[in-house]
1. Among H49, H93, which is open to solvent by 60 Å² or more (accessible area, probe 1.4 Å) and modelled with pLDDT of 90 or more?
2. Condition (residue is surrounded by 17 or more Cβ atoms within 10 Å (Cβ to Cβ), in contact with a helix residue (DSSP H, G or I) (Cβ under 8 Å, 6 or more places away or on another chain) and not in a loop (DSSP other than H, G, I, E, B)) applied to segment 100-109: is it met by at least one residue?
3. Quick check, is R42 in contact (Cβ under 8 Å) with a residue 24 or more places away in the chain, within 27 Å of A122 (Cβ to Cβ) and open to solvent by 50 Å² or more (accessible area, probe 1.4 Å)?
4. Could you look through segment 74-84, keep only residues that are touching a residue at least 24 places away in the same chain (Cβ under 8 Å) and closer than 14 Å to L60 by Cα, and pick out the one that is surrounded by the fewest Cβ atoms within 10 Å (Cβ to Cβ)?
5. Over 22 Å from A22 (Cβ atoms) and either in contact with a Leu (Cβ under 7 Å, 6 or more places away or on another chain) or without any contact (Cβ under 8 Å) to a residue 24 or more places away in the chain (or both): does that describe A55?
6. Of the conditions (1) within 30 Å of N123 (Cβ to Cβ); (2) modelled with pLDDT of 90 or more; (3) touching a Gly at 6+ places or on another chain (Cβ under 8 Å), L68 clears all except one; give me its number.
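The values are calculated or read from the model by the stated rules, or taken from the named source; none is laboratory data. Treat the numbers as computed from the prediction; the structure is a model and nothing was measured. Positions of Cβ are backbone-derived with ideal geometry, glycine not excepted, and every protein chain shown enters the neighbour counts. These area figures cover heavy atoms from the full protein model, side chains too; ligands, DNA and RNA do not enter into them. Shrake-Rupley method; radii C 1.70, N 1.55, O 1.52, S 1.80 Å.
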Amino acid sequence: AEYMGGSGVGDSGAALSHELGAVRHLLLSPDGHVVAYYDNVRLLRVFGHNGALLADETLLDEASAMALSRDGAFLFVGSSEGLVEVRRLPLLHLVDEFAPAAHPVVALDTNPGDDVLVVALANGSVLC
């Protein structure tokens, strides 16, 4: 991989600018997919490396945290209602859903082998 020194934004930057408002979460996968979450309308969007829109999905709950699997194949979305969803990239197909916790999800991450999902909640609890 090579750092593009800011010259690679161009059309992709324009695609992320949207009348839907500000992007709250932004992730870049190893495959070059850009995952953006628009807070005002609870919309997830996936863009290709060329800025083309590949998928979008409106969420029922506010996405309060997001993380990618190490290989970039899966997106983990934590909600303000304590729910965690697992979605396959790039088309955002729902793969799994974990029972809601009693508190909002504030952070998500996986271990290097992607076999443990760590979820931090607003009350300070950490779930594995």
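1. Exactly one residue qualifies, and that residue is H93.
2. No, there is no match, as no residue in segment 100-109 is surrounded by 17 or more Cβ atoms within 10 Å (Cβ to Cβ), in contact with a helix residue (DSSP H, G or I) (Cβ under 8 Å, 6 or more places away or on another chain) and not in a loop (DSSP other than H, G, I, E, B).
3. No, not satisfied.
4. Here the answer is S80.
5. So A55 does not fit the description; no.
6. (3)
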